[in-house]
Amino acid sequence: MKYLSEYREASLVQAILGEIQRVVTKPWVIMEICGGQTHAIMRYGLDQLLPPEIELVHGPGCPVCVTSLELIDKAISIASNPGVIFTSYGDMLRVPGTGRDLFSVRASGGDVRVVYSPLDAIKIAQQNPDKEVVFFAIGFETTAPANAMSILQAKDLRVENYSMLVSHVRVPPAMETILSSPENRVQGFLAAGHVCTVMGYWEYLPLAQKYHIPIVVTGFEPLDLVQGILMTIQQLEAHRAEVENAYSRLVSLKGNTEAQMVITELFMDCDRKWRGIGSIPLSGWCLREKYSYYDAEQRFSVKQITSEESPLCIAGQILQGVRKPFECSAYGTICTPEHPLGATMVSSEGACAAYYKYSQV
Ligand code: SF4
């Protein structure tokens, strides 16, 4: 297939749905890892078209959603500094910190700018040598290569007024946290295709074996998603637990090894707090000591900031597949996209925002 429209072709999707119907014999719970997949499922109503035996639950693969409250508070503290131009992707501006968000910092005079790439932030740093320019580097494995490259570029160009507030997280440790929880309901995973484009899927082989769970690398179009679900169901019904690739047009076993080398050069594994979930050992990437000059947490001395999350927000349970957005008492009442209480209602990849936008509940 050549064109995007072909991956949205209703007759092809219906044919695979028919095959799923034919294969499934009992209830199964499948988690799509990525918030982009959640939004595509809700947008095209795929959850409504599946046989009732299949329940989809929504995973933690939304970087805006899982960036810890503490890091948002650190971002707000740095951005409030009059000598700073704080740059970030747009979604992060509306994510509530403990008392305020980055938008309110901008409203009260802070220089907070939306950028589309860390390279835009480097340009801003070159144009404003008398200011400190900070880039809020959030994301999974997908965005890490570009963020890493920006530091190499800053070094090459001798841009010394550039630093990064790093909030990188990794998918495999989050999957292991879900699988090892006593509350776990997930019986099969749709792995996030774009993450695997960078990292390959070799990291998932031991997980599938250890927890006897099928993992299918899956894309983001309706045809990709139903194909991933079909392959997962086929494995579950046959008691198989393998890693399969339903996104082979972009993903290989080893992934993009050059991108992985850049990541390894700049970052090392570190413990990371996930919003609503808590600290997961070695689930993040932090800058290596040799690049600590570019670490905004050190440059602005905000490492000591700690924060308490709202007990009302159950996003952590939603992102582990234990609850659904409509089970939150704040959903659609005191938490809406206009007045979000949690990050999953803000992000364009958040499960609560997807339900609010597309579902009838
Ligand atoms: S509806 Fe709002 S408060 Fe409830 S879980 Fe979602 S983001 Fe959190």
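The values are calculated or read from the model by the stated rules, or taken from the named source; none is laboratory data. Keep in mind the model is a prediction, meaning the values are calculated, not measured. Using ideal geometry, Cβ is built from the backbone for each residue, glycine included, and neighbour counts are taken over all protein chains shown. Keep in mind that these areas ignore ligands, DNA and RNA; they rest on the heavy atoms of the full protein, side chains included. Shrake-Rupley method; radii C 1.70, N 1.55, O 1.52, S 1.80 Å.
Observations on the structure shown:
- Among the chymotrypsin sites (Phe, Trp or Tyr not before Pro) in region 111-170, those placed in a DSSP loop whose Cβ has at most 12 other Cβ atoms within 10 Å are TYR116.
- Cα shape, region 252-327, gyration tensor, a/c 1.5 rule: oblate
- In the context of the full set of protein chains, residues of the chain present 43 Å² of accessible surface per residue (probe radius 1.4 Å, heavy atoms only).
- Structure remark: mean-square fluctuation, Gaussian network model of the chain, C-alpha springs under 10 Å; the largest value among CYS335, CYS196, CYS34 belongs to CYS335.
- Sites matching GluC sites (Glu not before Pro) across region 287-361 that sit in DSSP coil, with at most 12 neighbouring C-beta atoms within 10 Å: GLU308, GLU338
- Over the chain, dividing the summed -39,500 (n - 2.57) contributions of all DSSP H runs of at least 4 residues by the number of residues returns a 222 nm mean residue ellipticity of -10500 deg cm²/dmol.
- Prolate/oblate/rounded call for region 213-351, Cα gyration tensor, a/c under 1.5 rounded: oblate
- Angle between the chain longest axis and helix 257-266 axis [Cα atoms, degrees, rounded to 10]: 40
- Loop-located trypsin sites (Lys or Arg not before Pro) in region 142-209 (DSSP state other than H, G, I, E, B) with a sparse environment of at most 15 neighbouring Cβ atoms within 10 Å: ARG158, ARG185.
- Across the chain: Cys residues that no other cysteine approaches within a C-beta distance under 4.7 Å: CYS34, CYS196, CYS313, CYS328, CYS335, CYS352
- Accessible surface of the chain, 1.4 Å probe, proportion on carbon and sulfur as whole %: 53
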